[in-house]
Structure formats: structure tokens, C-alpha cells
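First comes the structure, then the notes that go with it.
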Amino acid sequence: MTRLIRGSVVLAACVGVLSCTGGDPTSGSPGTPDKIVALPGIVFVSAGSTQLISFQLLDDNTGQIPTTWSVGATPAGFNVAIDSTFRPVYNPDGSLTLPSEQTELRATITGLIPSSGSFVISASGKSLTIPVTVIHAVLPATFNTTTPDIGQELVLTMPAGLSLQAGATYSATGAGAPIVVSQAADGSSATLLVAPGTSAPIRVVGITPDYAPGVTLSLSTSDTIIATNASTFIGTDDPNTAPLITLPAIGDTLAFYDIPAAVDQFYKIVLTDTTTITVNTDWADHDADIDQLWVDSAINVINCDACTGAAPEESTVTLAPGTYYFVADIYDGDPGAWYKFTITTEPNP
């Protein structure tokens, strides 16, 4: 049996069947050791996962040189194990073992703790440092709730050691993308609105780990977010019970999800000054044809620019003081699990 010991003691591993039997053309007349090469040269591995890495000692003509190998100490974040099954040879008794020298060494790196570190591989007086970054397998964020109502803000708080990048994006498999209400300037948290029908972890693209500042991570939360489909905004088929929408400041945008609940779904806006408004209406299933209407307090249609068959629909109106409604109208088909409304208050022309 071959002994495999880290540190100052040599790690024996296999050179391969051909090289061990004299059939490897690169091992016939090796030159002076020039350098160690590794594939890959930099390792990224998730905590709890493994990554294979291989090493060769080359001469100045890039020929492989049979040698013995040693692996230096590793930090607490990962470990390195020589692959004792890689290119073994037969002992006289017929059992497989590693030769005393080899042209290629293979090892397995196992991520243990999210961190950044390195180890040194050495052979025949040459050494190579291998940087290793162990990344999170999931995002251990915390939430104010994992079962938000539609329209209820979902606050995602980042764990120590991870921060959100400016412009980070969010998604949920099988559902509409969460709406970003706000994100803390220091990257410590984000406030989101999730789509009706959401039942999935939130995936975040744009995370910086403290242990690897130049690295961008994309991770899914360890918690699943389940939208309860209770809504604070739910539009109605009766203008008298339509929810009142408070417009954002000029130049700002308000976005929210709602549940399709009527053929004509009304949302109320009350204006005290002449105001220019852009409304974008989107829906889950674009096979359906949804129109966007504007009506006055007497429920007369005053604008139907967004009655085109496009998906989504969008229109801009300038309205005098008064009470108005924008309406999601199902012209054909089923809009699916959600409506998404994006409202921008524009400067008046």
C-alpha cells in the first residue's frame, strides 16, 4: 500500500499505466524541471461540493517529467485529497497501487467553509501556489416573512460576509420577477414585491463576498417564498370599490402586482392638479390579449391608446384635476396568475 502524507513528506501518486510501463513518450528522456502547471490554475468550489484539479511537472520543452509530489498545509476552508485511483499500477501481488513517481497528479478539492485561501504543490524543487475560493452554496438571507401577501413588502436581509451589488437582480422560478422597491446603499438588504403564484426561492444575481471582493456570486435563497395571493391592491369590477392608487412624485415610478379577478379591473386615481401619467400593464400569459383603458368618473372611455394587442400595453395621458380610473380589460384569453402595473408620473408637456 502506498502512503499519502501531506506537508514535508512526499505524496506518492500514479503516473499512469503507459508511463509506468515505459509506454509514455513524454517520459523517455525528461529534461531539467522547469515549472509545475495546474488545471485549473484557480479553483472556485461551493461549500459542500468538490472540484478536480490536476498537476504536471514540465521541462523547458513542455515535456512531462515523472516525479514525486507533496502538498502543503491547507486552511480550514477546504481540504485537498490525492486521487489514489487515478492511473494506478499493479503490484507484484496483482493489487493496484500508486507508483513512486508520476507524470500527472490528480486531486480532489472539497469546499468546507465559504472563504478564500491557497495551498502549495511541490515537486523536484519546483512549487506552485493554487488559490482556492470556497463560495456559498445557497444564500442564507433572512426575511421579514416567507409568506407575503400580494402588495406586502418582502424585506431580504443579507448575512454577514455577503452584500448586494448596486443593480442586483432578482428572480423566482416559475413566477414573475420580484419588483425591487428599494435596496440599501450598503448592500445589506433589499425590499421586494413578489408576484402572485410565487412558490420558490429568490435567486439573486449580483452578490459580493467579503472573502473575495472581486467575485460576483449568483445564489438562491435557502428559504422558499410562497405568495399567499391575498392582496392589498386587488382591483375590482366596480369603480365604486376600486382601490385608490397614490401616484409617485414626478419622475418616480410605482410598480405593483395584482391578481386578475375580473374582466374589467378598475384602479382609481384622484388628481388635484393637471398631471401626466404613464401606465404599463403586463400579465403572466402573453397568449392573452389584455387592453388598458382610461375612463373618467362617469366611466366614459377617454383613452384607449393601449388597446393594440401588444404585450405589455402602455399609454401616457395628461389629465385635468378630477377622478379617473385605469382599467385592465380582458379582450381575449386568460392573463394568468398576475397583472403587473408600472406607473410613472411624468413632467407635464
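The values are calculated or read from the model by the stated rules, or taken from the named source; none is laboratory data. Note that the coordinates shown come from a computational prediction; the quantities given were computed from them, not determined experimentally. With ideal geometry, Cβ positions are generated from the backbone for all residues, glycine too; neighbour counts draw on all protein chains shown. Keep in mind that these areas ignore ligands, DNA and RNA; they rest on the heavy atoms of the full protein, side chains included. Shrake-Rupley method; radii C 1.70, N 1.55, O 1.52, S 1.80 Å.
Looking only at segment 235-259, how many residues end up being open to solvent by 70 Å² or more (accessible area, probe 1.4 Å) and among the β-branched types (Val, Ile, Thr)? Of the residues in segment 235-259, 4 are open to solvent by 70 Å² or more (accessible area, probe 1.4 Å) and among the β-branched types (Val, Ile, Thr). Put simply, of Asp291, Asp287 the only residue that is surrounded by 15 or more Cβ atoms within 10 Å (Cβ to Cβ), charged (D, E, K, R) and without any contact (Cβ under 8 Å) to a residue 60 or more places away in the chain is Asp291. Close contacts from segment 299-316, counting a first residue that is more than 15 Å from Ile330 (Cβ to Cβ) and a second that is not in a strand (DSSP E or B), with Cβ to Cβ under 9 Å and a gap of 6+ residues or different chains, come to Ile299/Pro239; Ser315/Cys307. Only one of the numbered conditions (1) assigned to a loop (DSSP other than H, G, I, E, B); (2) touching a residue at least 12 places away in the same chain (Cβ under 8 Å) is not met by Thr246, and that is (2). Looking only at segment 271-284, residues that are under 15 Å from Thr344 (Cα atoms) and buried (at least 16 other Cβ atoms within 10 Å of the Cβ) come to 6 in all.
Restricting segment 180-202 to residues that are assigned to a strand (DSSP E or B) and in contact with a Phe, Trp or Tyr (Cβ under 7 Å, 6 or more places away or on another chain) leaves a set whose member that is surrounded by the most Cβ atoms within 10 Å (Cβ to Cβ) is Ile202.
Residue-wise test of (1) at negative phi; (2) free of Cβ contacts under 8 Å to residues at least 24 places away in the same chain; (3) open to solvent by 60 Å² or more (accessible area, probe 1.4 Å); (4) assigned to a strand (DSSP E or B).
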| residue | (1), (2), (3), (4) |
| --- | --- |
| Ser116 | yes, no, yes, yes |
| Ile130 | yes, no, no, yes |
| Ala137 | yes, no, yes, no |
| Thr146 | yes, no, no, no |
| Gln152 | yes, no, yes, no |
| Val155 | yes, no, no, yes |
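With the requirement that a residue be hydroxyl-bearing (Ser, Thr, Tyr) and open to solvent by 30 Å² or more (accessible area, probe 1.4 Å), what does segment 217-234 give you? Answer for segment 217-234, where residues must be hydroxyl-bearing (Ser, Thr, Tyr) and open to solvent by 30 Å² or more (accessible area, probe 1.4 Å): Ser218, Ser220, Ser222, Thr224, Thr228, Ser231, Thr232. Is it true that Phe233 is aromatic (Phe, Trp, Tyr), touching a strand residue (DSSP E or B) at 6+ places or on another chain (Cβ under 6 Å) and assigned to a loop (DSSP other than H, G, I, E, B)? So Phe233 fits the description; yes.
Listed here are the residues, each with its yes/no results for (1) closer than 18 Å to Pro131 by Cα; (2) of a type in the set (Lys, Arg); (3) without any contact (Cβ under 8 Å) to a residue 60 or more places away in the chain.
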| residue | (1), (2), (3) |
| --- | --- |
| Leu39 | yes, no, yes |
| Val43 | yes, no, no |
| Asp59 | no, no, yes |
| Gly72 | yes, no, no |
| Gly77 | yes, no, yes |
| Ala81 | yes, no, yes |
| Asp93 | no, no, yes |
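For segment 206-250, the set of residues classified as among the hydroxyl-bearing types (Ser, Thr, Tyr) and more than 32 Å from the chain's Cα centre (by Cα) consists of Thr236, Thr241, Thr246, listed by residue number. In segment 159-179, the residues that are within 14 Å of Val215 (Cα to Cα) reach residues that are among the acidic types (Asp, Glu) and open to solvent by 50 Å² or more (accessible area, probe 1.4 Å) with C-beta atoms within less than 8 angstrom, at least six apart or across chains, in these pairs: Gly161/Asp210; Leu162/Asp210; Ser163/Asp186; Ser163/Asp210.
Every condition in (1) open to solvent by 50 Å² or more (accessible area, probe 1.4 Å); (2) in contact with a strand residue (DSSP E or B) (Cβ under 7 Å, 6 or more places away or on another chain); (3) part of a loop (DSSP other than H, G, I, E, B); (4) modelled with pLDDT of 95 or more holds for Lys268 except the one numbered (3).
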